[in-house]
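The values are calculated or read from the model by the stated rules, or taken from the named source; none is laboratory data. Bear in mind that the values here come from a model prediction, so they are computed numbers and not experimental data. So basically every Cβ, Gly included, is an ideal-geometry build from the backbone, and we count neighbours across all protein chains shown.
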Amino acid sequence: MSLIPAALATATGLGVAGASAGLMLPQPVRSMVVGVLTAGVGVAGGASGVAALGGGRWSAEIPRLLPLAGAHVAVDALSGLFMAVAGAVVAAVAVYGVGYVAGHGAHGLGSRGAQAVLPLFALSLLLVPAAASVSTFLMLWEVMALTSLLLVLAEHRARPSVREAGVWYAVMTHLGLVLLLVGLSVYAAQAGGETFTALRSGTDGISPTARGLVFVLTAVAFTSKAGLVPLHAWLPRAHPEAPSAVSALMSAAMVNLGVYGLVRIGFDLLGGGPAWWWLMVMAMGGLSAVYGILQAAMASDLKRLLAYSTSENMGLVVLGVGAAGLFAHAGNTALAGLALAAALLHIVNHSAFKALLFTAAGSILRATGERNLDLLGGLRARMPVTAGLFALGALGAVALPPGNGFISEWLLLQSLIHGLEVPGVTTAIVLPLAVAVIALSTGLAAAVFVKALGVGFFARPRSQPAAAAKESPLLMQMGMGLLAALCAALALVPGLLGEGLQRAVGSVGLAGTRPVSGGGLQMRLDEVSATLSPLWAVAALTVALGAVMATVQWTARRRQRRMQARLWDCGGGAPTPRMAYTATSFAEPLQRVFDDVLAPEQDVDVTPVRESAYLVERVRFRNRVPDRIEHRLYRPVLGFLAAAGQSARRLAAGSVHTYLGYGFFGLVALLVVLVVGW
């Protein structure tokens with residue numbers, strides 16, 4: 001038995017065992033056993049993914065597992081990449097989760113139901129990329145959706161907002177499932193089979209109109225799972241309200257599967273398509289990148305900020321996928337492979353630093369009970385480990401060296417800049433805009449995470465819980481440490497992924513290209529003659545930073561010798577937390593710049609002293625930056641549906657004769673349709 005099926009069988013067995021342990025074991029040992037088994041699921045599933053990235057392939061049919069069609073599974077390099085990423089995230093978050101649950105007892109994520117569902121959710125993240133037929137894929141996709149929904153609702157007794165987030169998530173994810181069901185059913189009917197092998201072989205016989213319909217339906221469904229604008233409305237609601245360990249799994253592993261589906265269908269099964277497919281994808285990616293990071297810049301809720309950052313990074317990934325499709329349509333396979341490799345590498349990098357950021361946010365929430373940056377501060381001294389790890393994750397998120405996000409965005413920029421050599425008016429217009437989107441989103445991301453670090457960690461405490469915060473338990477620190485080590489490895493030696501990325505790109509029809517090569521110490525782009533050595537860049541930055549810090553300290557000591565007396569403070573006394581920037585005030589200049597896009601809502605309520613129009617008793621100022629797309633797109637639809645529901649209630653008159661009439665006329669209408677169709 002080869003490694004891939006053995007590892008998948010082991011992961012499945014551990015997942016079922018973990019679910020059973022969550023249901024049956026008592027509270028004192030339940031979280032520990034479930035955590036160990038869930039970590040085993042991640043390790044085993046990740047091992048199968050690494051084996052596939054190393055060149056292994058495996059497929060199997062299980063005839064009686066599903067009715068009629070049976071189950072089909074297959075693992076190639078593309079599947080292996082997503083399985084390896086999900087496995088690494090699951091293993092680290094499972095370790096973190098044991099310490100996280102210890103503070104919640106039998107409530108929230110520590111409840112019997114949540115502990116039973118958690119291993120199944122982790123297992124579904126690993127099995128979805130292994131599905132090799134329409135029915136198998138849809139079944140595993142729905143298992144992933146339902147288990148994640150139950151985990152989002154784990155703390156519904158604590159906060160009413162959890163239930164509202166669960167409703168949004170349930171509706172959006174099942175609308176995506178309906179689109180997937182329709183699109184893949186049309187595809188299977190046109191291709192004459194529902195296995196992925198049959199779909200590949202039958203694609204050439206499908207009309208361009210049908211292929212376009214299949215791509216649009218599935219692309220919309222997959223981008224909604226990835227949290228792309230305008231289908232992102234569930235993400236900034238569900239991610240903040242879910243337990244932090246679940247938020248990390250959703251943002252660092254589950255959203256990736258939307259990109260997996262887009263690449264699998266668009267490149268592998270449909271074999272590429274016309275330029276308008278990929279222009280649509282690039283437009284959604286670019287819009288998500290800019291809009292997501294703008295909303296993150298305005299957010300004061302730390303987990304909501306990270307959720308919008310996920311929309312931004314998934315937008316950059318999808319931008320790369322769209323560019324790869326556009327280059328492939330133009331016949332430039334080399335640049336297509338480079339753009340797709342950059343997108344896949346950013347998937348890996350984003351998973352590492354976003355899982356680290358969400359787990360660090362969970363550490364803060366556990367210590368303070370607060371997510372609002374305006375009520376935090378002073379955590380650098382009180383939670384030094386969490387502060388350092390959050391800073392490492394933030395460095396990756398801003399895509400600056402030595403962060404691990406830098407290398408993948410550099411690859412994406414290289415592909416777009418060299419893509420200007422591709423002839424055509426479309427590329428001459430679209431690619432400079434794409435480069436501008438990346439530059440703008442990177443600059444705004446720097447402002448976002450400077451705000452999060454400066455206000456949350458370095459400012460003075462603004463509340464009693466922040467002032468009394470203590471560092472998280474050892475197991476939580478170990479889980480975050482594993483993710484930090486992964487971020488550091490990806491930042492310093494990303495060349496180790498070169499061969500795996502090459503195989504993943506080749507497995508979807510872009511074989512023959514060598515987008516990324518080199519050893520662990522450097523990344524070589526053979527197709528565009530570019531080389532980058534992150535390790536040497538980090539060494540140079542370290543030396544430069546050390547020199548600057550030494551100079552600053554030497555200058556400060558000289559000034560300290562000259563000024564022994566305390567400076568005159570105009571009688572104001574020592575600084576207070578009210579004198580420091582809050583998250584809201586820090587974002588105010590950006591809000592002014594992007595006022596037309598964000599459409600902030602402001603209200604000033606002045607209460608005068610009784611019987612006086614000139615003396616003011618109280619002034620209340622409210623500033624809110626709503627999600628404009630949700631406000632303009634979803635609210636009218638929800639209002640219409642609510643009104644339609646109220647009107648439809650009149651049909652339920654309570655009369656049996658009326659209901660019999662409905663049935664009679666419905667049957668007559670059905671018979672008429674059948675006769676006309678015949």
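Here are a few things to note about the model shown:
- Single match in L345, L365, L357, L335 (criterion: over 18 Å from the mean Cα position of the chain (by Cα) and buried (at least 22 other Cβ atoms within 10 Å of the Cβ)): L335
Residue-by-condition table, conditions (1) of a type in the set (A, V, I, L, M); (2) in the same structural domain as Q295 (by TED's automatic domain parsing); (3) under 30 Å from G110 (Cα atoms):
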site	(1), (2), (3)
L177	yes, no, yes
A188	yes, no, no
L228	yes, no, no
D268	no, no, no
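- Scanning region 21-45 for residues that are over 21 Å from G99 (Cβ atoms) and surrounded by 15 or more Cβ atoms within 10 Å (Cβ to Cβ) yields a count of 2.
- Candidates A391, A324, A361, filtered to the one that is of a type in the set (G, A, S), closer than 23 Å to G498 by Cα and modelled with pLDDT of 90 or more: A324
- Total residues in region 608-651, condition more than 43 Å from the chain's Cα centre (by Cα) and surrounded by 10 or more Cβ atoms within 10 Å (Cβ to Cβ): 4
- Wholly enclosed helices (runs of 4 or more DSSP H) of region 391-504 bearing at least 1 residues more than 17 Å from A343 (Cα to Cα): 425-453, 464-467, 474-492
- The single residue among R264, R304 that is of a type in the set (K, R) and under 16 Å from the mean Cα position of the chain (by Cα) turns out to be R304.
- Some residue of region 193-215 being within 19 Å of W141 (Cβ to Cβ), free of Cβ contacts under 8 Å to residues at least 40 places away in the same chain and under 28 Å from the mean Cα position of the chain (by Cα): no
- All told, A587 falls short of being of a type in the set (A, V, I, L, M, F, W, C) and modelled with pLDDT under 70.
- Restricting attention to region 435-453, the residues that are buried (at least 18 other Cβ atoms within 10 Å of the Cβ) and more than 20 Å from the chain's Cα centre (by Cα) total 2.
- Residue count, region 143-176 (criterion: more than 16 Å from P236 (Cα to Cα), touching a helix residue (DSSP H, G or I) at 6+ places or on another chain (Cβ under 6 Å) and in a helix (DSSP H, G or I)): 8
- Of all residues in region 313-334, at least one satisfies being touching an Asp or Glu at 6+ places or on another chain (Cβ under 6 Å) and either over 15 Å from S472 (Cβ atoms) or not aromatic (F, W, Y) (or both).
- Here A86, A51, A60, A94 are screened, and the one residue that is assigned to a helix (DSSP H, G or I) and surrounded by fewer than 24 Cβ atoms within 10 Å (Cβ to Cβ) is A51.
- Evaluation of M314 against the conditions (1) in contact (Cβ under 8 Å) with a residue 60 or more places away in the chain; (2) not assigned by TED's automatic domain parsing to the domain that holds A397 shows that the sole unmet condition is (2).
- Residue in region 374-388 that is part of a helix (DSSP H, G or I), surrounded by 24 or more Cβ atoms within 10 Å (Cβ to Cβ), touching a residue at least 12 places away in the same chain (Cβ under 8 Å) and in contact with a Leu (Cβ under 6 Å, 6 or more places away or on another chain) present: no
- For L231: the one exception among (1) without any contact (Cβ under 8 Å) to a residue 60 or more places away in the chain; (2) in a helix (DSSP H, G or I): (2)
- In this structure, A210 does not satisfy being crowded, with 24+ Cβ neighbours inside 10 Å, part of a helix (DSSP H, G or I) and among the small types (G, A, S).
- Hey, V505 of a type in the set (V, I, T) and at pLDDT 75 or above or not: yes
- Condition met for A253 (under 19 Å from Q295 (Cα atoms), small (G, A, S) and crowded, with 24+ Cβ neighbours inside 10 Å): no
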